[in-house]
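Asker: Following this message is one structure expressed as structure tokens.
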Amino acid sequence: EDDAEAPCSYVPYSPLAAGVLSGKYAARGSKVPKRSRLSLFKGYDDKFKATLGPAAVDAYVAVARKHGLTPSQLALAHCNSRDFVTSTIIGATTMTQLTENLAGFRVEWTQELEDDVTAVYNDFPNPWRVQVAGGG
């Protein structure tokens, strides 16, 4: 968002962070779903779980549930709420995922949603880069 005033647009290409923001990988010690992105790329699951990522995702999942959304819908609604985003590239692999994802673009982005997402961001500004003891 630092470049929001620049005379160009932004196209998020992985708004669900390889499925991570869908919430399906959040729990430590949980099995990675078969055929999911983290199961296809060796080492990604361990790398993700060794960061603050799972805790951040848990917090975003809680925000989504508070507002009656799925985590995927929250992430996509956030992209859609940014004036500088002109299009968002999604990577649904099933019709169910596609239907859920498209619903995210119909969410009315409220100030309460903005405040709740900002609060999580302030708690976890860069969770993927912060390693945790005993992670993975």
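Quick grid of which residues meet (1) surrounded by fewer than 20 Cβ atoms within 10 Å (Cβ to Cβ); (2) of a type outside the set (K, R); (3) modelled with pLDDT of 95 or more; (4) within 15 Å of the chain's Cα centre (by Cα):
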| position | (1), (2), (3), (4) |
| --- | --- |
| A50 | yes, yes, no, no |
| V57 | no, yes, no, yes |
| G68 | yes, yes, yes, no |
| P71 | no, yes, yes, yes |
| L74 | no, yes, yes, yes |
| A77 | no, yes, yes, yes |
| L113 | no, yes, yes, yes |
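Asker: Residues of segment 1-40 being under 15 Å from T70 (Cβ atoms) and either modelled with pLDDT under 65 or touching a strand residue (DSSP E or B) at 6+ places or on another chain (Cβ under 7 Å) (or both), which ones?
Answerer: Residue satisfying the conditions is A26 alone.
Asker: Is at least one residue of segment 99-121 more than 22 Å from Y25 (Cα to Cα) and touching a strand residue (DSSP E or B) at 6+ places or on another chain (Cβ under 9 Å)?
Answerer: The answer is no; no qualifying residue exists.
Asker: Oh, and also: Given the conditions (1) touching a helix residue (DSSP H, G or I) at 6+ places or on another chain (Cβ under 9 Å); (2) touching a residue at least 60 places away in the same chain (Cβ under 8 Å); (3) not in a helix (DSSP H, G or I), which single one is not true for L76?
Answerer: For L76, the exception is condition (3).
Asker: If I ask for residues that are closer than 12 Å to P71 by Cβ and charged (D, E, K, R), which ones from segment 94-110 would you list?
Answerer: Matches in segment 94-110: E100 only.
Asker: Moving to a separate point now. Could you list all residues from segment 93-118 that are of a type outside the set (V, I, T), free of Cβ contacts under 8 Å to residues at least 24 places away in the same chain and assigned to a helix (DSSP H, G or I)?
Answerer: M95, L98, L102, Q111, D115
Asker: Next question. Does R82 qualify as being exposed (fewer than 13 other Cβ atoms within 10 Å of the Cβ) and out of contact with any Gly (no Cβ under 9 Å at 6 or more places or on another chain)?
Answerer: Answer is no for this residue.
The values are calculated or read from the model by the stated rules, or taken from the named source; none is laboratory data. Treat the numbers as computed from the prediction; the structure is a model and nothing was measured. Virtual Cβ from ideal backbone geometry, glycine too; neighbours counted across all protein chains shown.
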